[in-house]
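The next block holds one structure in the form of structure tokens; read it before the comments.
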Amino acid sequence: MDLHILDHRLRVTSISKSGLEQYTHPLIKLIFLRNRTRCKFFSLTETPENYTVVLDEEGFKELQPSEHLQVEGSTWLPLNVVSNGNASSSSQAVGVTKIAKSVIAPLAEQHVSVFMLSTYQTDFILVREKDLAVVVETLAEEFNVFREEGGESVPVHSQDACNGLQRNGREVPHATVHPVLIPENHFCVMSLDPDTLPAIATTLIDVLFYSNRSKEDASVDQDMECIVFFSFSLIDGYISLVMDTEAQRQFPTDLLFTSSSGELWRMVRIGGQPLGFDECGIVAQISQPLADSDISAYYISTFSFDHALVPEEDLASVTEMLQTQRMSS
């Protein structure tokens, strides 16, 4: 297995819903006018609280500082696992669970905080740049590690990265087991040919910026039946969309594509209060039991909460697993 440290330096930001109008122009530019910006990594996720925007340094220049923009202070690097060109068996779990034991659990044991972004195409594991030496040393036994530089993949050896390295921690952290919310929405994970993006521009703008205005002030509580959640990523020329079936009905059916099974997903939203960025092990706590049961999952971290998408037929067993985990903590 190969682990690639991609050639992007990323910032994780949040735009408040009340301040969205200030950022509509730069966001539209980043989504639709990729020839006018040198941004190669862009992800926008709407949740009930805010818009999480993850983007590279070129894209970050487009966002003007204001009281409506929160910026996590670190620079993050995206990691990507490649299976040496071998397609995994269709019966194997996909998404974050396939890297739960090889990447996520070992990093949690070393107190490395991760920010996950699953897309239609792949899973990105974001780590802080300052933690890179620990990451390389921790994962070098399991993976051939490469760093992408100017389009070339250059091997990285743990001894190169780890001279004088102090590990982040000496013991396995006992992370808080957070409450979870399971909304009623059904979700789709989809993709789109970038050349057809102009054809859905008005629909995408409407769904992202206007459709949910009436729900802006809706509180998020345990009684919430459905949740506002929409994610758009444009990363190295590939588009990924995560939306519920209500939003999907607004798009032309012939332009968006999904896996041949057309699977619907249910969401497990993690956190009763905003999680913060320094706690380690949150992704591991969710992904580890899913991996043990061979259950596929997509995982999307946002500025305030984390979100796992699991197949609807597995929801009951996932719920039971998480309840057992809470009771035993």
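Where strands (runs of 3 or more DSSP E) fall entirely within segment 19-121, those with at least 2 residues that are surrounded by fewer than 20 Cβ atoms within 10 Å (Cβ to Cβ) are at 69-71, 76-82. Per this entry, Ser233 is counted among residues that are open to solvent by less than 70 Å² (accessible area, probe 1.4 Å), within 23 Å of Gln70 (Cβ to Cβ), modelled with pLDDT of 90 or more and assigned to a strand (DSSP E or B).
Looking at this structure, is Phe60 closer than 24 Å to Asp306 by Cα and within 15 Å of the chain's Cα centre (by Cα)?
Working: closer than 24 Å to Asp306 by Cα: yes; within 15 Å of the chain's Cα centre (by Cα): no.
For Phe60, the condition - closer than 24 Å to Asp306 by Cα and within 15 Å of the chain's Cα centre (by Cα) - is not met.
Restricted to helices (runs of 4 or more DSSP H) entirely inside segment 131-230, those with at least 1 residues that are at pLDDT 90 or above are 132-139, 201-205. Residues that are closer than 30 Å to Val136 by Cα, touching a residue at least 24 places away in the same chain (Cβ under 8 Å) and not acidic (Asp, Glu) within segment 1-38 comprise Met1, Leu3, His4, Ile5, Leu6, His8, Arg9, Leu10, Arg11, Val12, Thr13, Ser14, listed in sequence order.
How many residues, within segment 1-21, are over 24 Å from Thr75 (Cβ atoms) and not charged (D, E, K, R)?
Residues of segment 1-21 over 24 Å from Thr75 (Cβ atoms): 1, 17-18, 20-21.
Add one more test, that the residue is not charged (D, E, K, R), and what stays is 1, 18, 20.
So the count comes out to 3.
Counting the residues of segment 255-300 that are open to solvent by 30 Å² or more (accessible area, probe 1.4 Å), within 18 Å of Ala108 (Cα to Cα) and either at pLDDT 90 or above or not in a loop (DSSP other than H, G, I, E, B) (or both) gives 3. Just one of (1) closer than 19 Å to Leu44 by Cα; (2) under 15 Å from the mean Cα position of the chain (by Cα) fails for Ser287. It is (1).
Does segment 311-328 contain any residue that is in contact with an Asp or Glu (Cβ under 7 Å, 6 or more places away or on another chain) and open to solvent by less than 10 Å² (accessible area, probe 1.4 Å)?
Taking segment 311-328 as the starting set, the residues that turn out to be in contact with an Asp or Glu (Cβ under 7 Å, 6 or more places away or on another chain) are 311.
Applying the additional criterion that residues be open to solvent by less than 10 Å² (accessible area, probe 1.4 Å) yields 311.
Scanning segment 311-328 turns up at least one residue that is in contact with an Asp or Glu (Cβ under 7 Å, 6 or more places away or on another chain) and open to solvent by less than 10 Å² (accessible area, probe 1.4 Å).
The values are calculated or read from the model by the stated rules, or taken from the named source; none is laboratory data. Every value quoted in this text rests on a predicted model; they were computed, and no experiment measured them. No Cβ is skipped: glycine too gets one built from the backbone with ideal geometry, and neighbour counts run over all protein chains shown. Areas reflect the complete protein model, heavy atoms only, side chains present, ligands, DNA and RNA absent. Shrake-Rupley method; radii C 1.70, N 1.55, O 1.52, S 1.80 Å.
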